[in-house]
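Colleague: Quick one: the structure is below, questions incoming.
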Amino acid sequence: MKTWVFLLLLIVATGMQYVLPQVWAPLRFMDFILILTFHAATRSTPLQSVWRGWLAGLAHDLTLSPFYPLGIQATTKMAAGFLSRLACRRINMDHPALQSLFVFVLACANNLAVVGLFIIFGQTCPAQSPIPLLLGAAATACGNVVVRMLIVRPPADLFEVEQP
C-alpha cells in the first residue's frame, strides 16, 4: 500500500471513528482505525506496519477525550500492526472467517492492552467491565467483514446492472 493511500485512508478512518458514533451510538464500539491498521499491515513490510500502526494509533489518540493519555492507542496499534504483519507472513489470511477471527482476537488484545496501559500509568480506565471490550472486538470483526466484502474484494455481482 502506497503511503499517500494509507494517509488518505487514515484521514477517512479517523473521521469515521469520530463522526459515525455521533450518528448511530452502537458504532462507538467499532474500531475503524484498527481495521485500517490490519489491512495496511497485510500489504506492507514489517517496518512499515509498525510505523503505520503507530501513526494510526496516534491519530486515534488525537480524536479521543483530552483526559485520555496521549500515546496509549499509538502503542497498542503499533503492536497490532506488527502482530498483523507477523501473522500474515505465517498464516494465509485469504479466508474471510480466519481473517475475521484474527481481527476479533487482535481487537480483544488491543482492548486488553489499552486497559493494561491505563493500569500501568495509574489512570482511571474508561471500561469498568469486560462487556464493552468484547462488544468492541465483535463490532470490529464485523466491520472487518464489511470492509473485506465491499472495499478490499468487491463481489463480482455487486456492481453489475440487472438485465431486464
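Colleague: Of the numbered conditions (1) modelled with pLDDT under 90; (2) surrounded by 12 or more Cβ atoms within 10 Å (Cβ to Cβ); (3) within 25 Å of A40 (Cβ to Cβ), P155 fails exactly one; give the number of that condition.
Modeller: Result: P155 passes all but (2).
Colleague: Can you pull out every residue in segment 19-44 that is at pLDDT 90 or above and either among the small types (G, A, S) or more than 19 Å from A141 (Cβ to Cβ) (or both)?
Modeller: V19, Q22, V23, A40, A41
Colleague: Given the conditions (1) at pLDDT below 85; (2) farther than 14 Å from L34 by Cα, report the number of the one that G122 does not fulfil.
Modeller: It fails just one condition, (1).
Colleague: Can you tell me which residue is nearest to P130 (Cα to Cα) among those in segment 90-104 that are part of a helix (DSSP H, G or I) and in contact (Cβ under 8 Å) with a residue 12 or more places away in the chain? Outline the logic, then answer.
Modeller: The initial filter retains those residues of segment 90-104 that are part of a helix (DSSP H, G or I), namely 90, 96-104.
If we keep only those that are in contact (Cβ under 8 Å) with a residue 12 or more places away in the chain too, we end up with 96, 99-104.
Numbers: P96: 26, Q99: 23, S100: 20, L101: 19, F102: 19, V103: 18, F104: 14 Å.
The residue in question is F104.
Colleague: Follow-up question, since we're still on this one. Need the failing condition index for H39 against (1) under 18 Å from T76 (Cβ atoms); (2) surrounded by fewer than 16 Cβ atoms within 10 Å (Cβ to Cβ), just the number.
Modeller: With respect to (1) under 18 Å from T76 (Cβ atoms); (2) surrounded by fewer than 16 Cβ atoms within 10 Å (Cβ to Cβ), H39 is out only on (2).
Colleague: Identify all residues within segment 10-36 that are of a type outside the set (A, V, I, L, M, F, W, C), without any contact (Cβ under 8 Å) to a residue 60 or more places away in the chain and either touching a helix residue (DSSP H, G or I) at 6+ places or on another chain (Cβ under 8 Å) or within 15 Å of A80 (Cβ to Cβ) (or both); write none if there are none.
Modeller: As a first pass, look at segment 10-36 and keep what is of a type outside the set (A, V, I, L, M, F, W, C): 14-15, 17-18, 21-22, 26, 28, 31.
If we keep only those that are without any contact (Cβ under 8 Å) to a residue 60 or more places away in the chain as well, we get 14-15, 17-18, 21-22, 28.
Listed by number, the residues that qualify are T14, Q17, Y18, P21, R28.
Colleague: Mind checking which residues of segment 79-89 are under 17 Å from L133 (Cβ atoms) and either surrounded by fewer than 19 Cβ atoms within 10 Å (Cβ to Cβ) or over 11 Å from the mean Cα position of the chain (by Cα) (or both)? Quick ask: steps written out before the conclusion?
Modeller: Quick first cut of segment 79-89, residues under 17 Å from L133 (Cβ atoms) only: 79-80.
Within segment 79-89, A79 is the sole residue that qualifies.
Colleague: Which of the residues that make up segment 48-77 are polar (S, T, N, Q), more than 14 Å from the chain's Cα centre (by Cα) and buried (at least 17 other Cβ atoms within 10 Å of the Cβ)?
Modeller: Q48
The values are calculated or read from the model by the stated rules, or taken from the named source; none is laboratory data. Model, not experiment: these values are computed from the prediction. Don't worry about glycine lacking a Cβ; one is built from the backbone with ideal geometry, like all the others, and counts go over all protein chains shown.
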